[in-house]
1. Name every residue in the stretch B:233-246 that is open to solvent by less than 10 Å² (accessible area, probe 1.4 Å) and either at negative phi or polar (S, T, N, Q) (or both), in order of residue number.
2. Filter the stretch A:232-259 down to residues that are out of contact with any strand residue (DSSP E or B) (no Cβ under 9 Å at 6 or more places or on another chain) and more than 9 Å from chain B (Cβ to nearest Cβ) and give me whichever is surrounded by the fewest Cβ atoms within 10 Å (Cβ to Cβ).
3. Just for the stretch A:159-181: of the residues that are within 19 Å of A:A217 (Cα to Cα) and of a type in the set (A, V, I, L, M), which one is surrounded by the fewest Cβ atoms within 10 Å (Cβ to Cβ)?
4. Based on this model, can you work out whether A:A101 counts as surrounded by 23 or more Cβ atoms within 10 Å (Cβ to Cβ) and modelled with pLDDT under 95?
5. Here's a check for you: in the stretch B:95-111, which residue that is polar (S, T, N, Q) and open to solvent by less than 50 Å² (accessible area, probe 1.4 Å) is nearest to the chain's Cα centre (by Cα)?
6. Filter the stretch A:22-49 down to the residues that are of a type in the set (V, I, T) and over 12 Å from the mean Cα position of the chain (by Cα), then identify the one that is most open to solvent (accessible area, probe 1.4 Å).
7. Write out, first by first residue and then by second, each pair whose Cβ atoms fall under 9 Å of each other, whose residues are 6+ apart or on separate chains, and whose first residue, in the stretch A:253-274, is on the phi > 0 side of the Ramachandran plot and outside the structural domain of A:A163 (by TED's automatic domain parsing) while the second is part of a strand (DSSP E or B) and crowded, with 24+ Cβ neighbours inside 10 Å.
8. Which residue pairs have Cβ atoms closer than 8 Å, lie 6 or more positions apart in sequence or on different chains, and pair a first residue in the stretch B:120-141 that is under 13 Å from B:Q6 (Cα atoms) with a second residue that is among the hydrophobic types (A, V, I, L, M, F, W, C) and modelled with pLDDT of 80 or more?
Amino acid sequence: MKRFILAVLALALVAVAGCDSGPKEALKVGSMSPLTGPYAADGNDIANGVRTAIEVTQQAGGLPGFESIQLIAEDTACDPRQAVAAANKLINEGVVAVVGAYCSSSTIPASETLDQEGVVMITPASTNEKVTERGLKNMFRTCGRDDDQSIAAIKFMTDYLKAKTLFIIDDKTTYSQGLADSVEKKAAAAGIDVLGHEHVNQGDKDFSAVLTKAKEANPDVLYMSMQNSATGSLLIIQARRMGLKCAAIGQDAVYHPQFIEIAKDAAEGVYLTFGYIDKDKPAYKKFLDAYTAKYGEPGAYSAYAYDSAMALFEAIKMAKGKTDAATISANLKQLTMEGASKKMDYLENGDSGSNYIIRKVENGQFINFWDPQTGKVFEK
Amino acid sequence: MDYFLQQLINGVTLGGIYALIALGYTMVYGIIQLINFAHGEFFAAGGYIGVIFITWLSAQGLHPYVCLGLSLLLSMLYCALLAMAVEKVAYKPLRYASRLSVLLSALGMSIFLQNGLMLTQGVYDKPYPTDLTQGGFAMGGVVVSYMQIIILVLTTVLLIGLNAMVFKTRIGKAMRATAQDKVMSGLVGINSSTVISFTFAIGAALAAAAGIMVGFYYGSVNYTMGFVPGIKAFAAAVLGGIGNITGAMVGGLIIGMVEIFAAGYLSSEYKDVFAFIILIAVLYFMPTGIMGENVDDTRV
């Protein structure tokens, strides 16, 4: 009897397996972002952006040669060790490519692991220069670079604000400190006096001590390089409460609807550097409709994650079913397409160019404010 | 001078918050010698429940300060009940197990509660209606916000109330007796289970109060907020002499001030380093903390 049951079970297994291994199979893609921990908001925005791209592609008929697209979303918690573990897990799952990660300090080590195993990685959000400066063949970046971002910020300080003095606060991550250091160096070169560069710890809520220092220094500009928008809003609330009335500039990680939601009045008038997104073009509207229907208002990096995944699917379509890293990478470098966030056109090193502009918070909204390319204020 | 005074006010405010959280650690340790790692989570839960009540109460059109007061009471009550439940589920069955098992149970409870908050409340920070309590005044170059005054007054009131309860009331006497000797206090008719449960409740209520004040002061709460202040408050409790209530207050204030002054005068990067150097230095010369008493092992 026992044998009989075993035989039946074995047959059932074969039958189940048989269903799976039809002529078409699912395309496995991975995403990596902090789904838990303090940066979970941005991390979920990224995973949802990829999910939206999959839904849009499948509704449009899917990818030829594949039955469906399966997403394996891994959590990095913005921790380099966990990011490498997630990368290994995705390799074992047999994904063809990975969209992620968020924190540069996760993307850099994880990409080393993925590259060795021939898995393409497209980061929608890691802006640290080193991400694409290591000669990896399979590393792509859909967002801009911090060296360009700091140039945009400095240009705004000298040309528009006519600032003479600057005070910098960062929270000591590869990304936030890297950007802050780059701003400090370029400010000095541009003739701006850096009155102070202070660091706070991750997980801190109280910035009163460094802000008192900043107030004592009385700078023209306060530059906030924080790893996420919630920390940025805590900083600006306390700065304004302390009576620090100078211009405040944040960066792409502080740029998020949550920043205004938490900081409210204190957010008014804050400037932020972020890539230019034309919200009137059809590609963006298509993304926005699909995204909001399921996941609510898009976060800062949702559109970049969506574009990364869409570019990946396009590259796989061009490869006619081939999914090896060399083919996908070559196709990614070849393709040009109109994305939701920007025109997708990857360069030889995997970057896709930066287009940082200055945005400003006005009446509880982010508005496009100043274009460093032309040195002009955007028309309303 | 203004600079010093401003940093002093910053330090006292932060220290007051640490002191409120540290009290919970120290009370629980005093009574059952358990380091309750889930305590930071009561602080976070208090912050969340607070914002839920405040949003609801201000939608009813009540005056901002009435909202603040009511939601403070309600979330203190909620966290007190939560702590009693946690004690019942995670610690009471292990009353006679080895201390290590209880400690592990506490760690597990902390992870459980933190993830519970994440799953029920979401990963995004929850904004507080800070416009309710905005504003402040300047004395010379020193800016004092109303919220800082509220925090200081409320902390002082709660601390005086707690002291009165522990040293002047029957339940306070029962708590002290149970802390001294569980078996003996049981023999004279004190129900130690009730007393322990009550101690958890009081500690968590104070943490909830701190959670709400942090929400108003800093403008938002999130589900990971219990971790770092929890560690700092634990350090404060140890610094003051764990098990000693006045010690926890003193320890909280010292940690808060050292942190702020280290950031303000030395380097913000190393502020935690200085706070913990002070802790190590004090423990080196006074192993039981500033106000801790020498107890021989037979008591525990």
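The values are calculated or read from the model by the stated rules, or taken from the named source; none is laboratory data. Please read these numbers as outputs of a predicted model, since none were measured by experiment. All Cβ positions, even for glycine, are placed from backbone atoms using ideal geometry, and neighbour counts span all protein chains on display. For the accessible areas, the whole protein counts, side chains as well, though only heavy atoms, and no ligand, DNA or RNA atoms are used. Shrake-Rupley method; radii C 1.70, N 1.55, O 1.52, S 1.80 Å.
1. If the condition is that a residue be open to solvent by less than 10 Å² (accessible area, probe 1.4 Å) and either at negative phi or polar (S, T, N, Q) (or both), then B:A233, B:A235, B:A236, B:A237, B:L239, B:G240 are the ones that fit.
2. For the stretch A:232-259, the residue satisfying everything is A:K245.
3. A:L161
4. Answer is yes for this residue.
5. The selected residue is B:S110.
6. Within the stretch A:22-49, the match that is most open to solvent (accessible area, probe 1.4 Å) is A:T36.
7. Listed pairs, sorted by first residue: none to list.
8. Cβ pairs passing all conditions: B:F137/B:V143; B:F137/B:V144; B:A138/B:V144.
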